[in-house]
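So the structure is just underneath, and the comments pick up after that.
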Amino acid sequence: MAQHNEFVVVDNGSVTTPLGFRAGGLHCGLKKTQRNDLGVIVCDVPAAAAGVYTLNAFQAAPLKVTKESIAVEGKLQVMLVNSGNANACTGKQGEDDARTMRSEAARMFGVPDHYVGVTSTGVIGELLKMDKVTAGIAGLPSRVSATDEGGDQFSQAILTTDLVKKTICVKLTVDGRTVHIAGAAKGSGMIHPNMATMLGFITTDAAISSAALQKLLNESTDTTFNMITVDGDTSTNDMVVTMASGLAGNSELNEEHADWEAFAAGFRYVGEVLAKAIARDGEGATKLIEVSVVGAESVEAARAFAKTVIGSSLVKSACFGADANWGRIIAAVGRAGYPVNTETVDIRLGDIVTLDQSRPVKFDEEKAAEYLKGDFVLIHVDLHMGGCSATAWGCDLTYDYVRINAAYRT
């Protein structure tokens with residue numbers, strides 16, 4: 001187990017590790033392969049719930065339904081997800097289908113409709129094969145379990161072009177009681193979250209109100225999921241939902257609680273690990289790129305500079321080609337939309353200085369190329385304008401990205 005100041009990473013933990021949660025998945029026939037394409041997280045009790053959603057104007061039908069559910073009591077007990085079909089841009093029929101998924105899941109798990117959230121991921125603009133979906137939902141109750149295997153089956157069910165499952169679990173002490181925070185996510189392409197095809201699910205057994213959970217999710221999303229990009233495209237289906245069972249037995253968490261900062265640190269860590277895993281698994285990617293911006297005049301400016309650099313197709317291509325072309329980085333800084341002192345910018349690739357006070361520095365090209373060939377690249381930008389900073393994550397742009405997306409539907 002990896003030890004942090006406030007929490008410990010739980011080896012092989014999953015969304016079922018927090019008390020009260022079960023999960024599972026199966027193949028219902030939405031995907032052409034035999035991979036799971038329908039999954040569910042179930043809580044033994046109504047769980048405090050919070051969500052953040054894409055800002056794309058064309059929001060998929062399931063997002064509307066999930067928002068409606070949470071709005072009733074701020075609680076969820078069942079979170080249903082399908083992959084292989086986004087149920088986006090499908091009109092009234094798509095909304096009817098999303099509500100049918102909600103009502104069928106409610107019936108199978110014996111809960112009110114508004115305790116069910118629904119989300120989908122996959123191809124946009126195609127109607128769901130509801131005969132397969134409803135048959136699959138009927139089979140889910142026998143597939144859910146509180147074991148890590150249940151969490152694993154769920155994690156498989158949410159994947160589309162992802163190459164790997166993305167999960168994390170931590171534990172900490174609140175009021176002398178053990179509290180777990182766990183997460184699972186999917187995302188590989190059409191990744192440029194603006195929330196708050198990227199989905200995230202966070203479970204915890206902490207006792208916390210829906211309002212406090214929503215505020216924490218909003219704040220942590222701004223520094224984690226909203227700071228990644230793969231291709232600059234914001235999906236119609238982006239969503240992160242968190243559920244808190246309250247079964248750990250602690251006194252209700254809020255910002256006045258003595259253990260709030262420890263819990264918030266663990267929560268943010270879960271989001272960061274999942275976000276970085278999505279960036280690392282970008283379609284066709286060979287490396288994770290981290291852009292660290294310091295010396296900005298505001299947090300908003302720092303975030304804009306970091307995301308502009310990480311989102312630059314030219315920067316991403318240079319990293320893929322192991323070309324230490326710092327000119328592409330400074331050009332991205334200059335178009336980020338915030339004022340910049342063009343005389344004071346420093347740039348480093350790892351520990352290799354390429355620009356000092358906006359002046360080129362002679363550096364070892366071979367050493368820089370060797371650094372860029374690794375599976376992790378750090379781009380450090382110091383603006384020397386203020387005391388604010390931000391970090392963004394992304395991946396390189398490769399031939400395989402074009403190959404995958406040139407034939408995504410076919």
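Listed values, structure above:
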{"read-out": "Spatially proximal aspartates and glutamates relative to LYS75 (Cα-Cα < 15 Å; intrachain offsets below 8 disregarded)", "value": "ASP44, ASP113, ASP205"}
{"read-out": "Region 4-95 - Rg over Rh from alpha carbon coordinates, Kirkwood radius", "value": "1.02"}
{"read-out": "In Hz, Karplus ³J(HN,Hα) per residue of region 271-281 (6.51, -1.76, 1.60; θ = phi - 60°; x = Gly, Pro)", "value": "x, 5, 4, 5, 4, 5, 5, 5, 4, 5, 9"}
{"read-out": "Heavy-atom accessible surface of region 292-410: percent carbon and sulfur, 1.4 Å", "value": "52"}
{"read-out": "Region 6-33-region 55-71 distance, computed between alpha-carbon centres (Å)", "value": "23"}
{"read-out": "Among PRO62, ILE137, ASN87 - extreme Cα towards positive end, dipole of region 21-163, charges at beta-carbon", "value": "ASN87"}
{"read-out": "Hydrodynamic radius of the chain per Kirkwood, over alpha carbon pairs, in Å", "value": "21.7"}
{"read-out": "Part-to-part distance (alpha-carbon centres) for region 109-149 and region 235-284, which is given in Å", "value": "23"}
{"read-out": "Estimated Rh, region 348-410: Kirkwood, alpha-carbon pairs, angstrom", "value": "14.7"}
{"read-out": "222 nm mean residue ellipticity, helices alone, for the chain (DSSP H n ≥ 4; -39,500 (n - 2.57); rounded to 500)", "value": "-10000 deg cm²/dmol"}
{"read-out": "Length added when fully stretched, SER209-GLU370, from 0.36 nm per residue minus Cα-Cα", "value": "53.0 nm"}
{"read-out": "Solvent-accessible area per residue, Å², over region 243-347 with all protein chains present [probe radius 1.4 Å]", "value": "37"}
{"read-out": "Distant-in-sequence amide H partners of ILE168 (H built 1.01 Å from N, under 5 Å)", "value": "GLY183"}
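The values are calculated or read from the model by the stated rules, or taken from the named source; none is laboratory data. In this text, all values refer to a predicted model and were calculated from it rather than measured experimentally. So basically every Cβ, Gly included, is an ideal-geometry build from the backbone, and we count neighbours across all protein chains shown. For the accessible areas, the whole protein counts, side chains as well, though only heavy atoms, and no ligand, DNA or RNA atoms are used. Shrake-Rupley method; radii C 1.70, N 1.55, O 1.52, S 1.80 Å.
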